[in-house]
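Contents: one structure, followed by commentary.
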């Protein structure tokens with residue numbers, strides 16, 4: 001895996017702006033987890049914030065609420081099977097890093113890890129909003145560090161020359177779209 | 001333009017699940033507006049809810065807060081130039097339906113119109129959340145009716161055979177990605 005390069009916080013929203021599917025990684029004490037989340041979006045530019053939906057029954061929810069931290073990882077198409085797998089199992093039934101053969105490396109400012117096979121990473125600190133979390137499963141966070149695979153994102157621009165490194169958009173039932181042709185108007 | 005076909009509310013999240021750029025249409029009294037919004041996502045399945053960011057300075061914000069209604073329109077690639085145009089002008093400077101040559105038809109349950117050249121439409125009723133609106137420009141709504149262009153979405157499935165009817169994902173500065181290849185794992 002290529003070493004992640006730091007992304008300016010002011011440009012970090014670009015990792016999520018086009019609506020790719022994400023993985024949410026979390027850690028607290030000696031427990032860690034990773035789940036898939038299609039419902040994530042930027043919320044502000046400066047300081048960068050984002051919003052993500054985390055179901056109340058998930059282990060991720062427990063770890064995020066306990067630690068106040070998580071990472072939004074943007075997976076490449078090459079690991080679509082792992083995205084589906086971690087979205088179909090519960091961390092309560094065993095460590096998905098083991099069962100799904102998910103590699104990771106430490107993040108810089110949060111305990112949650114950066115997931116291998118991704119092309120963008122947003123380290124997040126929760127902005128506690130009890131009403132949103134309880135009523136809508138909606139979590140708001142500030143992005144405190146951001147990273148990208150320089151083969152596909154550098155100088156604030158995506159470049160999906162390698163098909164295997166394209167980001168993905170989730171439909172349902174194991175169906176995805178690859179991020180397609182770039183164009184400008 | 002092909003006549004929109006009704007989409008079951010239980011499947012309406014599929015119009016937005018893959019993270020396409022959207023147009024937000026609104027109306028109140030004798031005023032109407034349309035703006036571009038990349039920061040929109042589903043929030044729940046049943047009843048279907050969604051979240052969208054609407055900047056505090058926009059005319060859309062004023063009309064949405066006054067009417068409690070809006071439509072999330074999913075534009076096709078063929079009107080990418082109009083998406084950029086309505087995202088670059090303010091409705092306070094003149095009627096964008098006129099200046100950008102935007103056609104529309106009436107919605108079924110809200111006063112905001114369905115925008116021509118789109119392939120999906122989500123009629124929304126605001127769930128007032130003053131704190132979210134004021135602090136984060138974040139609006140939560142229930143989807144009360146949904147429509148799709150049957151050439152590209154029917155029986156709960158997208159089919160982007162026609163390149164001009166693909167949905168789009170917004171990056172920044174007039175740069176988009178088309179929704180790309182469909183695949184399943």
- Among the residues of region A:167-185, which ones are more than 7 Å from every other protein chain (Cβ to nearest Cβ) and surrounded by 14 or more Cβ atoms within 10 Å (Cβ to Cβ)? A:167, A:168
- For residues that are under 18 Å from the mean Cα position of the chain (by Cα) and either modelled with pLDDT under 95 or surrounded by 23 or more Cβ atoms within 10 Å (Cβ to Cβ) (or both), scanning just region A:138-155, find the one that is farthest from residue A:61 (Cα to Cα). A:153
- Query: How many residues does region A:10-30 contain that are under 28 Å from residue A:62 (Cβ atoms), surrounded by fewer than 21 Cβ atoms within 10 Å (Cβ to Cβ) and in contact (Cβ under 8 Å) with a residue 60 or more places away in the chain?
  - Reply: 1
- Task: Go through (1) surrounded by fewer than 19 Cβ atoms within 10 Å (Cβ to Cβ); (2) more than 15 Å from residue B:138 (Cα to Cα); (3) away from chain A (no Cβ under 12 Å) and name the single condition residue B:102 misses.
- Result: (1)
- Query: Mind checking whether some residue in region B:112-124 is within 12 Å of chain A (Cβ to nearest Cβ), crowded, with 22+ Cβ neighbours inside 10 Å and out of contact with any helix residue (DSSP H, G or I) (no Cβ under 8 Å at 6 or more places or on another chain)?
  - Reply: no
- For residue B:89: the one exception among (1) modelled with pLDDT of 95 or more; (2) more than 21 Å from residue B:136 (Cα to Cα); (3) surrounded by fewer than 19 Cβ atoms within 10 Å (Cβ to Cβ); (4) touching a helix residue (DSSP H, G or I) at 6+ places or on another chain (Cβ under 7 Å): (1)
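Take region B:18-34 and flag every residue that is within 13 Å of chain A (Cβ to nearest Cβ) and out of contact with any strand residue (DSSP E or B) (no Cβ under 6 Å at 6 or more places or on another chain).
Within region B:18-34, none qualify.
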- Message: Return the residues of region A:51-74 that are within 13 Å of another protein chain (Cβ to nearest Cβ) and touching a helix residue (DSSP H, G or I) at 6+ places or on another chain (Cβ under 6 Å); say none if nothing qualifies.
- Response: A:54, A:74
- So is residue A:135 surrounded by fewer than 15 Cβ atoms within 10 Å (Cβ to Cβ) and within 14 Å of chain B (Cβ to nearest Cβ) or not? yes
- Elements of type strands (runs of 3 or more DSSP E) in region B:110-185, at least 2 residues being over 21 Å from residue A:166 (Cα atoms) and touching a residue at least 40 places away in the same chain (Cβ under 8 Å): B:118-126, B:138-148
- Query: Residues of region B:73-97 being touching a residue at least 60 places away in the same chain (Cβ under 8 Å) and in a strand (DSSP E or B), which ones?
  - Reply: B:74, B:75
- Task: Of the numbered conditions (1) over 21 Å from residue A:13 (Cα atoms); (2) surrounded by fewer than 18 Cβ atoms within 10 Å (Cβ to Cβ), residue A:109 fails exactly one; give the number of that condition.
- Result: (1)
- Message: So for region B:35-50 (the condition being away from chain A (no Cβ under 14 Å), buried (at least 22 other Cβ atoms within 10 Å of the Cβ) and in a strand (DSSP E or B)), does at least one residue qualify?
- Response: yes
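The values are calculated or read from the model by the stated rules, or taken from the named source; none is laboratory data. Treat the numbers as computed from the prediction; the structure is a model and nothing was measured. Every residue, glycine as well, gets a Cβ built from its backbone with ideal geometry; the counts of neighbours run over all protein chains shown.
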